[in-house]
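The values are calculated or read from the model by the stated rules, or taken from the named source; none is laboratory data. What you see is a predicted model, and the numbers here were worked out from it, not measured in a lab. Virtual Cβ from ideal backbone geometry, glycine too; neighbours counted across all protein chains shown. These area figures cover heavy atoms from the full protein model, side chains too; ligands, DNA and RNA do not enter into them. Shrake-Rupley method; radii C 1.70, N 1.55, O 1.52, S 1.80 Å.
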Amino acid sequence: MKPIADLPELPFATRLWRWRHWSLRVSLPALVVAVALSLVLMLAMLASLVMGTLDIGLAELLAILGGRAENPLYHHIVLNIRLPRAVTALFVGAALGASGAVFQSISRNALGSPDVIGFTTGSATGAIAQIVLFGGGALSVAVAAVAGGVLTAIVVYGLSVRGGQAGGYRLILTGIGVGAVLAALNNLMLVKGDLDDAVAANLWLAGSLDARTWQQAIPVALGVVVLVPLCIVGARALALMEMGDDAAAQLGVSVERQRRALLFYAVVLAALATGAAGPIAFVALAAPQLVRRLVPYTGLAVMNSALMGATLMLVGDVLTRLLPFNLTLPIGRVTGIVGGVYLIVLLARARRL
Amino acid sequence: MTITQSTQAQGRLQAQNVTLGYDGRQVSEQLNLTVPDGRFSVIVGPNGCGKSTLLRSLGRLLKPQQGQVLLDGADMNRLPTKALARELGLLPQGAQAPDGLRVVDLVARGRYPHQQLLRQWSAQDHAAVAEAMRLTDVLELADREVDQLSGGQRQRVWIAMVLAQQTPLLLLDEPTTYLDLAHQLEVLDLLRELNRLNGHTLVAVLHDLNQACRYADHLIAMREGRIVAEGAPRELMTEQLVAEVFGLDCLIIDDPVSGTPMVIPRGRAG
């Protein structure tokens, strides 16, 4: 086309950042939300480390974190009990939020979250099988959860592919079906298993941050550090695929390859989260939806969904520990209650599903 | 009977012995087609005759079961997808704008094949988006959400997106659906202008035979998966061909406005 002299100002939703010949498009509201969420996260992190049966002051906390602890008991409590718990909450939430964003984009539906379409149930199947059949240590349970999630994903994907393409309702409905079968299988294992194992498995199924050690925290943290950036890179293609496979393919996106890769990252993220904290309901569903209501849509908000998921988990954990009468609730049940209500609101208000 | 009036035109885009279909259902067998460069080609034919299937295969959205689609002599399915997307654009049917996406941001997505992860925007990108929006007359809709627009406005926005892609070859699958008559002509005029001024090679699937005759340099008539005939409308359009392709008994006169062939149906062919 012929060049034109005067270019009209165009009201893009994103600002342009240039440096030499590099350029990035950044949405300002998204940036504001990211900074705000990060601040809330830091505060919640501090609260989580300070709070507990033993009062540890802020000054003391900083001394411990700086490696200048005077009291070895406090040192132990912060570094081996409270910190792993907080880190687990943080990365489990981030993993679920990012995973939910990717899944909802691929299925083009808010309901296409890993917790709704059976992938967390599949992870639970792996974990329960490990606990009931082999008696699981923390690490082996986590590995079994990842294996269960990935296997479930392969089955659901395989069943929902038609003509080399997956996605949309087919993925969701297949996932719900497979999830139902797996949920029944989970119950069967609990009923048939040894009583002690069944109790242990049931505790795990509640989804909890109690008694998390670095053994749970590190795998999910590593997963987030590696996979979330990959999801952020893939999000550009994924956002184009929301316009339809044809529209994205003609723009040069290798649609099915991208979809498979991102599904894989998202499944592993959800499975790692489940392996670390048990099945946590609705964070994966709610985090991307909350972000979408805060930031005008420009593309797929993986980063903010991860931050939002982390905030939900960490703040949720701090709040449940503040409940009166020592009413300690497992976080998975709390997110289940709160998220369930949110889902109903979402369904009632949805223009289209 | 196949009356292929070969025009022997130069063509960058060619289908060679392609067999097309979906999941075991075969739509076309052994098709051959050379898209003439710098021309406005239109594919016509009754519903379900394989027009869109052929167009999708030319736009590498459908991989042929046999045969090849060639761009400059190279098998299209082996070319890097992004490089191909700078040469060949396709406006698909049924593209959906995500909830809340605004017009200008949708048009900007057409620049994707020209961008990289860390080179997301350039002056050329801005110029291409502005020019595409000016041509399709959607500049004043720039900050509206796409899903709030009328069908006609939305279609012009989608066309703006593929124009922003700035490909020398452009395929359009029923670009005039959802549009009222005035907007249909506006879109077709725009396409002709692109073809005449910039030398774009265009291929469109159209339903309206008279519009096809008026705007096409080159008509491709299909029936039951086969290319029955191709050539300039004036040479191609005969009462016999319309009967053969559409099963329609008709009279062909000169369009009093454009002088191109005009089909007046009498009724279904006995």
Whole-number percent relative contact order across segment A:252-334, with pairs defined as alpha carbons under 8 Å at least 6 apart: 27 percent
B:Gln10/B:Leu185 FRET efficiency (R0 30 Å; Cβ-Cβ; nearest 0.05): 0.50
Segment B:65-77 - phi-based ³J(HN,Hα) in whole Hz, Karplus 6.51/-1.76/1.60, Gly and Pro as x: 6, 9, x, 9, 9, 10, 10, 6, x, 9, 4, 4, 6
Fluctuation leader among A:Ala284, A:Ala98, A:Ala36 - chain A, Gaussian network, Cα springs under 10 angstrom: A:Ala36
Inter-label distance for A:Ala59 and A:Ala261, nm, one decimal - labels placed 7 Å from Cα along Cα-to-Cβ: 5.3 nm
Listed residues B:Leu135, A:Leu314 arranged by accessible area, highest first, probe 1.4 Å: B:Leu135, A:Leu314
Charge context of A:Cys231, other residues only, Cβ under 14 angstrom, K/R +1, D/E -1: +3
Local net charge near B:Pro168, Cβ-Cβ under 12 Å (Lys/Arg +1, Asp/Glu -1): -1
Relative frequency of Cα-Cα separations exceeding 22 Å in segment B:60-140, percent: 39 percent
Per-residue ³J(HN,Hα) for segment A:169-180, Karplus 6.51 cos²θ - 1.76 cosθ + 1.60, θ = phi - 60°, Hz, x for Gly and Pro: 4, 4, 4, 5, 5, 4, x, 5, x, 4, x, 5
Point-charge dipole on Cβ atoms (K/R +1, D/E -1) for segment A:2-352, about Cα centre, debye to 20: 1040 debye
Segment B:148-195 shape via C-alpha gyration tensor axes, a/c threshold 1.5: oblate
Against the rule of thumb 2.2 N^0.38 Å, how large the Cα Rg of the protein assembly as shown comes out: 1.15
Spread of Cα-to-Cα distances over 5 Å intervals beginning at zero, given as percent, for chain B: 1, 6, 12, 16, 18, 16, 13, 9, 5, 2, 1, 0, 0
Span per principal axis, largest first, for the Cα atoms of segment A:2-352 (Å): 74, 51, 37
Of A:Trp204, A:Tyr265, A:Tyr297, farthest towards positive along the dipole that unit charges on Lys, Arg, Asp, Glu beta carbons give segment A:193-311: A:Tyr297
Probe 1.4 Å - accessible area at B:Val263, Å² to nearest ten: 10 Å²
Rounded Å value of the spacing that divides the Cα centres of segment A:252-324 and segment B:139-204: 37 Å
Protection-proxy order for peptides B:54-62, B:253-261, each taking the mean of Cβ atoms within 10 Å per residue, highest first: B:54-62, B:253-261
Accessible area in the full protein assembly, largest first, 1.4 Å probe, for B:His183, B:His218: B:His183, B:His218
Cβ-based net charge around B:Glu224, under 15 Å, with every Lys or Arg adding one and every Asp or Glu removing one: +2
When segment A:113-214 is reduced to its Cα atoms, the Kirkwood hydrodynamic radius in Å: 14.1 Å
Shielding score for B:91-97, defined as the mean number of other chain Cβ atoms within 10 Å: 5
Accessible area of B:Glu224 in the full protein assembly, 1.4 Å probe (Å², nearest 10): 130 Å²
From phi via Karplus (6.51, -1.76, 1.60), per-residue ³J(HN,Hα) for segment A:246-259 in Hz, x at Gly/Pro: 5, 4, 6, 4, 6, 8, x, 8, 7, 4, 5, 5, 4, 4
Two-decimal Rg/Rh across segment A:178-307, once Rg and the Kirkwood Rh are taken from alpha-carbon atoms: 1.06
